Amino acid sequence: MDVIWNLTRACPWDCAICCVSGFHVCNTTEHIIQSAQKEKGKELTLAEKLTVLKILADKDFEIDFSGGDPLYYDEDFRVVEQATRWLPAEKLVLV
Ligand code: SF4
């Protein structure tokens, strides 16, 4: 089974055709926007993301990481990094 996981909707781009309703971030706004989105329940915390990852890994899913920009935030990079420990490379895709 294959899952496309939008790790975040944060993105440094601002495409008119965005199909994930990405929210634009830049160096000066990234942490303010991330906190606000988490407070509203619109973004998962790192702990929540790792819990989801563990569930998917235990069920042997293939995971396509997407977003937003799935490597924009350090914590999302940590999620992908952890995925490489729990799943073989052929089960992971970065879109
Ligand atoms: S998530 Fe993709 S489509 Fe949306 S703004 Fe970012 S780069 Fe553009």
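The values are calculated or read from the model by the stated rules, or taken from the named source; none is laboratory data. None of these values were measured; they are calculated from a predicted model. Every residue, glycine among them, receives a Cβ derived from its backbone with ideal geometry; neighbour counts consider all protein chains shown. Side chains included, ligands, DNA and RNA excluded: accessible areas come from the protein's heavy atoms. Shrake-Rupley method; radii C 1.70, N 1.55, O 1.52, S 1.80 Å.
To keep it simple, each residue is scored yes or no on (1) open to solvent by less than 40 Å² (accessible area, probe 1.4 Å); (2) more than 16 Å from the ligand (Cβ to nearest atom); (3) at pLDDT 90 or above.
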| position | (1), (2), (3) |
| --- | --- |
| 18 | no, no, yes |
| 39 | no, yes, no |
| 51 | no, yes, yes |
| 58 | no, yes, yes |
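Answer yes or no as to whether residue 32 is surrounded by fewer than 16 Cβ atoms within 10 Å (Cβ to Cβ) and of a type in the set (A, V, I, L, M). Taking the combined requirement at face value, the residue satisfies it.
Taking the range 18-27 as the range and being part of a loop (DSSP other than H, G, I, E, B) and in contact with a strand residue (DSSP E or B) (Cβ under 8 Å, 6 or more places away or on another chain) as the test, the residues that pass are 18, 20, 22, 25.
Let me spell it out: the conditions are (1) open to solvent by 80 Å² or more (accessible area, probe 1.4 Å); (2) under 15 Å from residue 92 (Cα atoms), and residue 71 meets all of them except one. Which number is the exception? Failed condition: (1).
Pick out, from the range 28-95, the helices (runs of 4 or more DSSP H) lying fully within it that include 3 or more residues that are farther than 19 Å from residue 9 by Cβ.
Answer list for the range 28-95: 46-58, 74-86.
List pairs: first in the range 1-28 and closer than 20 Å to residue 45 by Cα, second open to solvent by 100 Å² or more (accessible area, probe 1.4 Å) and near the ligand (Cβ under 7 Å from one of its atoms), Cβ under 9 Å, 6+ apart or cross-chain? That search, which allows pairs on different chains as well, returns 22/13; 22/14; 24/13; 24/14.
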